[in-house]
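To start, the structure under review is shown below, and the notes come after it.
The values are calculated or read from the model by the stated rules, or taken from the named source; none is laboratory data. Quick caveat, the model's predicted, so the values are computed rather than measured. Positions of Cβ are backbone-derived with ideal geometry, glycine not excepted, and every protein chain shown enters the neighbour counts. Quick note on the areas: whole protein, heavy atoms, side chains included, nothing else; ligands and nucleic acids left out. Shrake-Rupley method; radii C 1.70, N 1.55, O 1.52, S 1.80 Å.
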Amino acid sequence: RKEKLSDSDPSVVGTAVNVICELARKNPKNFLSLAPTFFTILTTTSNNWMLIKITKLFGSLTPLEPRLGKKLVQPLTNILTTTQAKSLMYECIRTVVAGMTSQEKIVRQAVDKLKDMLEDNDPNIKYLALHALTFLLESHPRIVAEHKGNIFGCIDHEDTNIQYCALKIVRGLVTKKTLMDTTAHLMGAMGKAEQRFRDELVWSVIHVCMNDRYALVTDFVWYLT
């Protein structure tokens with residue numbers, strides 16, 4: 001019930017938030033009217049667990065209500081600037097890329113944080129960073145392309161999930177200017193790739209070059225070679 005979100009007992013509020021988060025996974029629209037209450041909790045609690053849950057909840061709501069994104073810029077900026085908790089930082093980033101892509105300043109801040117995650121030795125953190133970047137391919141390809149060095153490096157990673165996710169981003173970033181260099185890099189990666197991923201690399205080169213009736217190919221002699 002709505003009043004439980006304003007209960008004086010933090011454990012009651014926490015339980016209510018947890019239940020709502022689970023229900024919102026299936027139908028977030030039902031909880032859009034509670035956004036002001038969630039915002040109050042977000043800006044008044046210092047409990048990391050609660051912040052993670054509320055931020056995740058806003059990640060479901062912001063795609064439904066664009067005005068929420070503008071209102072969330074300041075509190076999420078504060079969290080991204082101050083938190084040392086990677087789980088909370090990632091939920092903020094996920095909310096930004098899910099429904100706040102019109103807010104360029106915080107998008108750039110989120111991507112800067114993803115750069116650190118891309119360079120992390122933990123493959124799980126590296127994969128989460130790549131996965132988040134895929135949501136920005138359409139809206140902010142130039143910002144994503146600023147980190148293409150790290151993204152290209154992930155194609156040679158031993159973790160297949162990281163390889164495939166990085167390859168998806170690389171395909172999404174190709175332009176006329178970068179087609180030849182990207183193709184050279186992908187073909188260079190074929191030599192040390194396992195057969196299944198090697199096939200994926202070959203398919204990617206062919207698919208990108210053929211896209212829109214070879215719209216990106218400016219030198220057919222090079223392509224045929």
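Quick notes on this one:
- What the chain shows is 57 Å² of accessible area per residue, with the surface traced by a 1.4 Å probe over protein heavy atoms.
- Charge context of M190, other residues only, Cβ under 14 angstrom, K/R +1, D/E -1: -1
- Oblate is the label for segment 111-218. Its Cα gyration tensor axes, ordered a ≥ b ≥ c, give a/c of at least 1.5 and b/c at or above a/b.
- Share of carbon and sulfur in the accessible heavy-atom surface of the chain [1.4 Å probe, %]: 52
- Residue-averaged 222 nm ellipticity for the chain, from DSSP H runs of 4+ at -39500 (n - 2.57), nearest 500: -22000 deg cm²/dmol
- Shape call, the chain: gyration tensor on alpha carbons, a/c limit 1.5: prolate
- Take every Cα pair under 8 Å whose residues are at least 6 apart in sequence, average their separation, divide by the length of the chain, and the relative contact order is 11 percent.
- Set of lysines with alpha-carbon distance to K105 below 19 Å, sequence-local pairs under 8 removed: K70, K71, K113, K115
- Ranking by accessible area, most exposed first, for R198, R25 with a 1.4 Å probe: R25, R198
- Whole-Hz Karplus values for segment 203-208 come out as 4, 5, 4, 5, 4, 5 Hz, taken residue by residue from phi with 6.51 cos²θ - 1.76 cosθ + 1.60 and θ = phi - 60°; glycine and proline positions read x.
- Among K113, K126, K71, residue whose mean-square fluctuation peaks in a GNM of the chain (springs only between Cα atoms under 10 Å): K71
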